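These notes are about the structure you will find just below.
Please treat every number below as a calculation from the coordinates, not as lab data. Please read all numbers here as calculations on a predicted model, not as lab measurements. Note that we place each Cβ from the backbone using ideal geometry, even for glycine, and neighbour counts take in every protein chain shown.
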């Protein structure tokens, strides 16, 4: 294959990626017992020279549950019946994962509700309360 282009700032060399194949349990009938169509990708984000430390930290925070004790990201694909499409699928999933955490998330700006929205909320609460009070049976005073 070839190097994996992520963005203009990052390209992962093919030598950093390890692909293994195995028999898939997916669709395929008798063919599934003969062909190694499942593809497993292993990649170590900590060993990637092009990955900045901030990007790597965001990646490991978001996808840390997919990284094993050796520090390798492990992705499997057995979605398709043939090995080539599973190979392309697992590469695409790695690209999507890296692009998802490429830039830091936007900081949330704290906002206050407007005076009008506060008044509408209180009016709605009192209308709901009045509706429920009207459903009660009238009190009998002795």
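Can you give me the orientation-averaged projected area of the convex hull built on the Cα atoms of the range 28-92, in nm²?
5.3 nm²
Going by alpha carbons, how many degrees (0 to 90, nearest 10) lie between the helix axis of 115-135 and the longest principal axis of the chain? Once rounded, one gets 60 degrees.
If the convex hull of the alpha-carbon atoms of the chain is projected onto planes in all directions, what is the mean projected area in square nanometres?
On the way: hull surface 76.7 nm².
With every direction weighted equally, the projected area is 19.2 nm².
Axis of helix 53-63 versus longest Cα principal axis of the chain: the two differ by about 70°, to the nearest ten degrees.
Compute the acute angle (0 to 90°) between the alpha-carbon long axis of helix 83-100 and the principal axis of greatest extent of the alpha-carbon atoms of the chain; round to the nearest 10°. Helix 83-100 sits at roughly 50 degrees to that axis. The mean sequence distance of close C-alpha pairs (under 8 Å, at least 6 residues apart), as a share of the length of the chain, puts its relative contact order at 21 percent. Each part reduced to its alpha carbon centroid, the range 82-142 and the range 1-80 end up 34 Å apart.
Once the chain from residue 35 to residue 137 is taken as fully extended at 0.36 nm per residue, the excess over their C-alpha distance is 29.3 nm. Between residue 52 and residue 18, the modelled label-to-label distance comes to 2.9 nm, taking each label 7 Å out from Cα in the direction of the beta carbon.
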